[in-house]
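In what follows, a single structure is set out as structure tokens and then discussed.
The values are calculated or read from the model by the stated rules, or taken from the named source; none is laboratory data. If you're wondering where the values come from, they're calculated on a predicted model, not measured in any experiment. Because the Cβ atoms are built from the backbone with ideal geometry, glycine has one as well, and the counts that use them run over all protein chains shown. Note: accessible area is taken over every heavy atom of the protein model, side chains too, but ligands, DNA and RNA are not part of it. Shrake-Rupley method; radii C 1.70, N 1.55, O 1.52, S 1.80 Å.
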Amino acid sequence: MTEGTGHVIDPAGDARRALQDAVTSHGPEVLSDATVMDHLCRTQLAALPGESILIVSAARADVPALLRDAIPQFGNYGAIQSVASTLARASDLDGAASLWVVREFARALGLIAPGGTQAMPRPAPAGTGAEAPGVAAATGKVGAGAAATAGMSAGAGGAGAGTAGGTGGPGGPELASGPQPGMTGGPQPGMAGGPAGRGPSGSKLFTRNTVGIAAAIALVAGYLGVAAVAHLSPFPAKTVAATSSQSASTGPSTSPATTPATTPATSPAGSPDASPTSDYEVLLSKIPAAIQGRDNCHLTGTQYGATAVSQCSRLSLPAGTIIYYLYPSQAALSAGLSTFLASVHFRKQRECTTGNDFTDFLTECRTQFHNQTPFMTGSIAEYTSTSNDPIIASTDNQQNVMAVLVGTNPGDLLSYWKQLTWIKD
């Protein structure tokens, strides 16, 4: 990301690597510790004073907690935009610079694709007396080219950095690596790296036109990536296993989303219509039509080891939002649940049952369950977000799906979960 004079924020990726290394070494909570972040910046990022200001400001504002609170409502990338605006207002920072630091915190937390951290040539300061790269970006206004780039999705790395699939999650999920907006679900801004020319002073700076062209190229490349997955023009859709359209039934559907005639998995071998389905289409086939509605569910990434993630919102149910995660195996499913709960700072205090029966919504509880009709085994964890919304994270071992249910009334949310109609049996 650059600002109007051509200064690049974290041009060599040093700040990104430092944040990711800190989380790897000390856990995600380190990003909420302003004292530790200040020490890290002084010892490792002394050459990046502007980036250091942003990082310490983000830690002081507890950006990880702000992201956890915003994700259930906005999704991972919408939460990044919202928190960046909040941070800019609260800390009197430039909007594009705030967006950069919030996105890097989200990246370090695993909410979006990790992106590249390879070293890049660091441009020399322009002229004499110029600020070091990053300083102006932390305190000044960005130019038109940078604003155009920042106006795109708060994606990670360059276009196509994610992996195919789909993400979102409350209280600190959401949105991890993979096709989220900017991966396979939306465009991502590219990092302005190489110089476009050499000015009279010999400094390597982007012109405004060059940055604008780069932003346009990134936008087109991002769209083509989205189109290829979402079957938008110029990539027409083939036969799929499931859709998000409303079924004729008014209640939760318990039958397959499509008939054998239209399901590639059941088409005759060698048939021209037999084509592999995407992970996201497989995930949609497991979500009841009553929840999908007309346009309730959307691809949001591939967080916590999932191959596809769908966030279903605006639901007229005790769970107003449900985020579904698809996994390739039970082992991956179990690991995904544990990773998710760790990201929201969940600490098990008790079992969720009384005499093997779920009678009350109990915060910080986690239990294995076994249901006969319909048959389902898995895990359930109950907790509340910082805004006191009750949340249930649960798995279905038979479907290899994790669902995170966000409600407003804890008793109603648990009663809805016990019906097991939030997943197709």
Subject >> Within the stretch 393-425, considering residues that are among the hydrophobic types (A, V, I, L, M, F, W, C) and closer than 17 Å to residue 339 by Cβ, the one surrounded by the fewest Cβ atoms within 10 Å (Cβ to Cβ) >> reply: 403
**OP:** Sort out which residues of the stretch 89-98 are closer than 22 Å to residue 72 by Cβ and open to solvent by 10 Å² or more (accessible area, probe 1.4 Å), and write them in order of number.
**Re:** 89, 90
**OP:** Give the number of residues within the stretch 76-88 that are closer than 19 Å to residue 53 by Cβ, open to solvent by 10 Å² or more (accessible area, probe 1.4 Å) and touching a residue at least 12 places away in the same chain (Cβ under 8 Å).
**Re:** 2
Original post:
Among the residues of the stretch 62-76, is any farther than 18 Å from residue 344 by Cβ and touching a helix residue (DSSP H, G or I) at 6+ places or on another chain (Cβ under 6 Å)?
Top reply: no
Original post:
Residue check: is residue 31 in contact with a Phe, Trp or Tyr (Cβ under 8 Å, 6 or more places away or on another chain) and within 25 Å of residue 325 (Cβ to Cβ)?
Top reply: yes
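Which of the residues that make up the stretch 305-324 are out of contact with any Leu (no Cβ under 8 Å at 6 or more places or on another chain) and in contact (Cβ under 8 Å) with a residue 12 or more places away in the chain? Break it down into steps so the answer makes sense when it comes.
Taking the stretch 305-324 first, the residues out of contact with any Leu (no Cβ under 8 Å at 6 or more places or on another chain) are 305, 311-317, 320, 323.
Passing the criteria: 305, 311, 312, 313, 314, 315, 317, 320, 323.
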Original post:
What is the residue count in the stretch 294-311 for residues that are over 12 Å from the mean Cα position of the chain (by Cα) and modelled with pLDDT under 90?
Top reply: 2
Original post:
Can you name the residue in the stretch 27-46 that is over 25 Å from the mean Cα position of the chain (by Cα) and of a type in the set (D, E, K, R) and is also surrounded by the most Cβ atoms within 10 Å (Cβ to Cβ) among such residues?
Top reply: 38
Original post:
Looking only at residues in the stretch 62-75 that are surrounded by 20 or more Cβ atoms within 10 Å (Cβ to Cβ) and among the small types (Gly, Ala, Ser), which one is farthest from residue 303 (Cα to Cα)?
Top reply: 70
